[in-house]
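The structure appears below as structure tokens.
The values are calculated or read from the model by the stated rules, or taken from the named source; none is laboratory data. Everything numeric in this text was worked out from a predicted model, so none of it was measured. Note that each Cβ is placed from the backbone with ideal geometry, even for glycine, and that neighbours are counted across all protein chains shown. Each accessible area value is taken on the protein alone, full model and side chains, heavy atoms only, with ligands, DNA and RNA left out. Shrake-Rupley method; radii C 1.70, N 1.55, O 1.52, S 1.80 Å.
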Amino acid sequence: MIQATIDAIRNGQSDAYSSIVRHYQRPIYIYCCRLLGDDTEAEDAAQDIFVKAYRSIGRYEPTGSFSSWLYSIAYRHCLNILRRRKLHYKIQSLLKRDDRTPGPETLVDERTFSPPLEDALRRLSALERSLLVLSVFEEKTYPEIAAIVGKNPEAVKKRIRRAKRKLRAMLEEDGEGEAWSKQETVLQTRS
């Protein structure tokens, strides 16, 4: 089905692309949300990813799954956003120092809307976070993840295990053993 849709798009039926967008829009948006940690930025990223995929669909080769090809575009796009964000923060911190402390409302919001697991995920490297999101939340197989991030499946498996150990250590270090024990069963199912 997906190959027929791709062939139709390649033959000039651009309206066929809407079925691809409808099918993958939610999963790609959720992936971007988990990687970027910001809903608005994730919405923009998902739109950009679908535009890039449409423009590149002529180069898609059915050697791997279309899903993996689309997620690899999403992965690279989100990595670029994270790199730009990191550079932006570095430049901003050099140009102005912000010695203000957050107010009580901000602190309450952060505790309420930022669960320990999400906080620990944000502290992982972009690759580690992406591997865990693809493995645990997107339920991709090791070969699919390997195709997305451009690595060997065995290396992906090892990196995912290391990222899980690192995540566990962060949560335990933060005194969030409960948060870890709730998530550990989910993470263990993808080992």
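Some notes on this structure:
- Residue match in the stretch 128-137 (condition: open to solvent by 20 Å² or more (accessible area, probe 1.4 Å), under 17 Å from the mean Cα position of the chain (by Cα) and at pLDDT below 85): yes
- Selection of first residues in the stretch 36-65 that are closer than 22 Å to Ile2 by Cβ and of second residues that are open to solvent by 70 Å² or more (accessible area, probe 1.4 Å) and in a helix (DSSP H, G or I), restricted to Cβ pairs under 8 Å at least 6 apart or on distinct chains, gives the following pairs, ordered by first then second residue: Ala46/Gln25; Phe50/Gln25; Ile57/Arg10; Gly58/Arg10.
- Residue within the stretch 68-78 that is open to solvent by 10 Å² or more (accessible area, probe 1.4 Å), of a type outside the set (Phe, Trp, Tyr) and assigned to a loop (DSSP other than H, G, I, E, B) present: no
- Residue list for the stretch 142-168, filter: in a loop (DSSP other than H, G, I, E, B) and either surrounded by 14 or more Cβ atoms within 10 Å (Cβ to Cβ) or in contact (Cβ under 8 Å) with a residue 12 or more places away in the chain (or both): Gly150, Lys151
- Of the helices (runs of 4 or more DSSP H) lying entirely inside the stretch 1-59, those containing at least 1 residues that are open to solvent by 20 Å² or more (accessible area, probe 1.4 Å) and modelled with pLDDT of 95 or more are 17-36, 39-56.
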